[in-house]
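Remarks on the structure that follows.
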Amino acid sequence: MTAVGIDGMEIWTGKLKLDLAETFAPAQGDDPGKYTKGLGLHASSFPDVYEDIVTMGANAAHRLMERKGLEPDDIGRIDVATESAFDNSKPVSTYIAGCLEQVYDGDFHHANKGERKFACISGTQSLDDAYNWIRAGRNRGRAALVVATDTALYARDDPGEATQGAGAVAMLVDEDPNLVELSAEQGYGSADETDFLKPNQQFPSVDGKRSVKVYLARMREALDDFASVAGDIHPDDYEMIPFHTPFPGMVRKAAALGYRHIVRGTDVEEALAEEIGYQPDRADFETDDAFNDAIREYTDALTETERYRDWYANAIEPTLEISREVGNWYTGSVHIARAAGLKHARENGRDLDERRLLVASYGSGAQAEVHAETVVPGWEEEIARMNVDEQIRRRHDLSFEEYEQIHDVHNHDTEADVEEFTSPTAEFVFDGWGRMGERKYRFVE
């Protein structure tokens, strides 16, 4: 069976930066450690005045197509995942295709286009759609373009404000991929939840404590479901585990739960038992509260062991390096985690050929998905051609007053006349409004 997976990917980060420790924390009267240590975030990215989810997605897709030497005829579908859409009918994929047609001789008239919505997990669902389309033989030799693009903006003074971020990830899904092969096996954990939602509103309503619990519960269900079809899971089976990363502090919790879960009944638990005992068994406790207290104590002890710390440093920490500097990208979050992990491996000489990743996606509302990916030989060249470090370095560093201005610019309920902070070059930009209220775009040389 021919391998299907991600042939290449590109990242486009918003061009503005808010330093959380130096700029945001003092203005909020907070200890910088609340953000850098608690949340695990150093900075947030924001779109400039001329940027939005369309320009960021189109620019990432354009860069990917250019370096892969592709023309519109090579693309059979364009799937966009976003929870920042501004139209309830016309999908963002049509806007992105329209942008790309400005710079190519051909067109995407024969490409299937759509928009996926299920909070942050829809980026992975779009990958699944592209994978299934190719597996079904309906692609006619063409590839799929999957774009995850979001501006994760919160209301001012909302507890989630520090986790904001903006950017896009473009992924080319094709046969015989040059980056990772996707597994046929998947695991799901899904339930009707109201942990995070936007009922006819731009800014989310969030139940923070509940959201963490729902995230962890759905991840545990997805792991169980994945194991039911893929077989027993062992931590040594996976080189890295990219998680959905709303902020790195959340991943710390998810990683501890996941590790505890997958080592149960293995040689790893046997080895750890000499130091911290075996995992608590519900049958040994009279009440759920007593059992849950014991589980918490065991998990705390587990995360202090050298074995767990070594595993976390190798399997989890590398996947957080980009997120720390750009914040939450919603649908793109887990995909920048994958990119960060592979980038770290290349820079540190880690051989990942034929090694596997365990990718853990999540979307509020709520659903988690777990699947495996096999890293394809030659992946280093694909990762080396991304320029995300350069993008992060050259962002304009906002003052707090400038942050307030740009927040107003991208607040749909506020009219703000703000000059751009950076100058666009060789990229798509927002160019005003059309006669029916549609957004217009042009390419700046």
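Of all DSSP bridge pairs formed entirely within the range 1-151, close to 25 percent run antiparallel.
Protein heavy-atom accessible surface, 1.4 Å probe, per residue over the range 12-116: 37 Å². Label separation (Asp105 vs Phe86): 3.3 nm, computed from points 7 Å beyond Cα along the C-beta direction. Taking a straight Cα-Cα cut-off under 22 Å and skipping sequence neighbours fewer than 8 places away in the same chain, the lysines within cross-link reach of Lys34 are Lys17, Lys209, Lys213, Lys253.
Largest first, the extents of the alpha carbon coordinates of the range 20-78 on the three principal axes equal 54, 24, 18 Å. For Ala290 and Ser205, what is the calculated FRET efficiency with R₀ set at 41 Å and r taken between the beta-carbons, to the nearest 0.05? It comes to 0.75. The packing ranking of peptides 113-123, 10-20, 400-410, 345-355, highest mean first, is 10-20, 113-123, 400-410, 345-355, where packing means the average number of other beta carbon atoms within 10 angstrom of each residue.
Each peptide in 321-334, 231-244 receives the mean, over its residues, of other Cβ atoms within 10 Å, and ordering these scores from highest gives 321-334, 231-244. Remark: spin-label model distance Phe400-Thr422 equals 2.4 nm, labels positioned 7 Å along the Cα→Cβ axis.
Annotation: the antiparallel percentage among DSSP beta bridges lying fully within the chain is about 75. Within the accessible area of the chain, the carbon and sulfur atoms contribute 42%, probe 1.4 Å, all protein chains present. Taking every protein chain into account, the accessible area of the range 130-259 amounts to 39 square angstrom per residue (probe 1.4 Å). If you plug the beta carbon distance of Ala283 and Glu304 into 1/(1 + (r/R0)^6) with R0 = 35 Å, you get a FRET efficiency near 0.85. On the basis of the beta-carbon distance and an R0 of 25 Å, Ala155 and Arg435 show a calculated FRET efficiency of 0.20. The residues neighbouring Ser211, those whose beta-carbon lies less than 14 Å from its own, together hold a net charge of +2 under the Lys/Arg +1, Asp/Glu -1 convention. Peptide packing for 296-308, 68-80, 137-149 was compared via the average number of neighbouring C-beta atoms within 10 Å per residue; ordered from the highest value, the list is 137-149, 68-80, 296-308.
Translational diffusion of the chain, estimated by Stokes-Einstein from the Kirkwood radius over alpha carbon pairs at 20 °C in a medium of 1.002 mPa s, is 96 µm² per second.
Per residue, the convex hull spanned by the Cα atoms of the range 225-320 amounts to 119 cubic angstrom.
Just to be sure I understand the rule: take each whole DSSP H helix in the chain, project its Cα atoms onto its long axis, keep it if the span is 18 Å or more and its mean Kyte-Doolittle hydropathy is at least 0.0. Which ones pass? Going by DSSP H runs, the hits are 248-263.
The values are calculated or read from the model by the stated rules, or taken from the named source; none is laboratory data. What you are looking at is a predicted structure, and each value in this text was computed from that prediction instead of being measured. No Cβ is skipped: glycine too gets one built from the backbone with ideal geometry, and neighbour counts run over all protein chains shown. Note: areas computed on protein heavy atoms with side chains; ligands, DNA, RNA excluded. Shrake-Rupley method; radii C 1.70, N 1.55, O 1.52, S 1.80 Å.
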